[in-house]
Structures are given as structure tokens and as C-alpha cells.
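To start, the structure itself, in C-alpha cells.
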Amino acid sequence: MITIAPSILASDFLNLQTEIEAFDGNSNLWFHLDIMDGHYVPNLTFGQTVVKNISKVTSHKLDAHFMVNNPEDYISSFKDIGIYNFTFHWESVTHHDSLISEIKKHYPSVGIALNPGTDITVIPEYIFKEIDLILIMSVNPGFGGQSFIPSSLEKIKYLKSIKEKFNLNFQIQVDGGINDQNAPSLIKAGATNLVAGSYIFKNNSNEYPKKVESLRK
Ligand code: DX5
Ligand code: ZN
């Protein structure tokens, strides 16, 4: 089943616990946590204290998307607070192999994110065997509520072909501008994990579960 990852960047931060608990009845759901440093992207979000408190009020997996310079500096400060998946941006790192190994020591799942302007072929094929998830950014990182960039579809198709070629099982996650109109084409192309912020959170909280399910159809 397709995993849906509500992006709490779009949630009501003054009522975060209620926002999180609104998804208690959904299954195959991750909470997508955008960690921004104000340098790699021109925006700041939240840190360990907020993540740790979210983990206390949900049993859903926590998916941390680090839009930061020097992601290696965050491995130890964010460990042991309930994060399941640690995704870093390919573009922000020089020594990818050692970073992946280091993340694996402390987190069950490791992901690589790629910006819209980065060609998918920059990732050497052997790397796909080392990771659990590839995040295709379908907007430029930093802000919610932007429009989906259609060229992302070609990257998803390429990743699906890599999975088939090497018989691999990594998740293909897509992030940015996702709604019930474009989700079917993403799933058809090979996406297995859809992040959605404003599409879900612009509604009343009693509608969140239904909005999640509408993305799987
Ligand atoms: C953007 C973030 C996204 C964002 C998606 O930099 O990585 O996770 O919250 O928000 P929507 O779904 O509103 O585009
Ligand atoms: Zn994100």
C-alpha cells in the first residue's frame, strides 16, 4: 500500500498535539518533519524538542527531511527521539557513502533527497543498494503550498526502472505540491510514498483522514 506522509509544516503549530492525533485512525502513514536551518533553505522550522514531543503522542513513523547544510552535524543530536527515517539532500554533501553509513548506525531508514534542478543520474547506481528511500522534490525546497513541477515524473520513472533492474526495494517518495489530481499519475509512475502538506491541512481536522485516503486512489 502507498504510504502517505502528512507534512506538519502545514499544520497548526499552536495545536500540534490535536493535529497529530487527528491521524490516529489512518494506517500506512508517516509524519513528515521538515527540518530547515535558514541556510540551505531560506526558512527555519523546528528542532529536537518539537520532534521528541511529537513522538510521544503518536505511534506513526516519523520521517525527518533535513534541508540543512552539513547534515552530518544532525545525526547525533536527533538520534533516540523517535525518528524512523533520516533523509538528507544529496546536493548538501561531499562524502555520501560515509554519511549513509553513519546514519545507518542510528536510524532504521536512510533517505536521499534530490532538488528539482538536480539530474537523477548524479546518483551512482551502487548507491541505490545502500539506501531505503529516495525523495524526489517536486517543488523547490523551503516552503509549503507551491505548485507541483511536472518534470518530476520522469525521475520517478527512472527510479522505478532502477528498482526493477537491480531488484531493489527502496521507497520512491515525492514531496511538494501533491494533491488528489496529480497523485494517481505519481503512483502509476512508481511513487510509493507521497508527502502532502497544504492539501491535507487546509481542511478541518476531522477531514484529514479522508484527505489522506483520497491520495491513495
Ligand atoms: C518543502 C517541504 C515539503 C512541504 C510540502 O520544502 O519539503 O515537505 O511541506 O508542502 P505542500 O504539500 O504544501 O507542497
Ligand atoms: Zn519535505
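See the values below:
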{"read-out": "Solvent-accessible area, 1.4 Å probe, carbon plus sulfur percent, for the chain", "value": "48"}
{"read-out": "Reciprocal of mean inverse Cα separation for the chain (Kirkwood radius, Å)", "value": "17.2"}
{"read-out": "Mean separation of Cα contacts under 8 Å (6+ apart) over length of region 70-162, as relative contact order %", "value": "24"}
{"read-out": "Vicinal HN-Hα couplings computed from phi for region 22-37 (Karplus, 6.51 cos²θ - 1.76 cosθ + 1.60; Hz; Gly/Pro x)", "value": "4, 9, 4, x, 7, 10, 6, 10, 10, 9, 8, 10, 7, 9, 10, 10"}
{"read-out": "Gyration tensor (alpha-carbon) shape descriptor, region 55-157, a/c threshold 1.5", "value": "oblate"}
{"read-out": "Rough spin-label spacing in nm, given labels placed 7 Å along Cα→Cβ, for residue 69 and residue 1", "value": "4.3"}
{"read-out": "CD proxy at 222 nm, helix term only [per DSSP H run n ≥ 4: -39500 (n - 2.57); per residue of the chain; nearest 500]", "value": "-7500 deg cm²/dmol"}
{"read-out": "Nitroxide proxy distance, nm - points 7 Å out along Cα→Cβ at residue 28 and residue 13", "value": "3.2"}
{"read-out": "Accessible area expressed per residue, the chain, with surrounding protein chains retained (probe 1.4 Å, Å²)", "value": "45"}
{"read-out": "Sites residue 52 and residue 101, calculated FRET efficiency, Cβ-Cβ separation with R0 22 Å, nearest 0.05", "value": "0.30"}
{"read-out": "Relative compactness, region 94-217, computed as alpha-carbon Rg over 2.2 N^0.38 Å", "value": "1.10"}
{"read-out": "Over 32 Å between alpha carbons, listed pairs 157/202; 165/211; 165/202; 165/210", "value": "165/211; 165/202; 165/210"}
{"read-out": "Extended-chain gain in nm, criterion 0.36 nm per residue less alpha-carbon gap, residue 207 and residue 161", "value": "13.0 nm"}
{"read-out": "Sum of side-chain charges, residue 99 neighbourhood, beta-carbon under 12 Å (Lys, Arg +1; Asp, Glu -1)", "value": "-3"}
{"read-out": "Listed residues 61, 211 arranged by accessible area, highest first, probe 1.4 Å", "value": "61, 211"}
{"read-out": "FRET efficiency estimate (nearest 0.05) - Cβ-Cβ, residue 77 to residue 118, R0 30 angstrom", "value": "0.70"}
{"read-out": "Partners for residue 79 among lysines (Cα-Cα distance below 20 Å; same-chain residues under 8 apart left out)", "value": "52, 56, 61, 104, 105"}
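The values are calculated or read from the model by the stated rules, or taken from the named source; none is laboratory data. Everything numeric here is computed off the predicted structure, so don't read it as measured data. Reconstructed Cβ throughout: ideal geometry from the backbone, glycine too, with neighbour counts over all protein chains shown. Areas reflect the complete protein model, heavy atoms only, side chains present, ligands, DNA and RNA absent. Shrake-Rupley method; radii C 1.70, N 1.55, O 1.52, S 1.80 Å.
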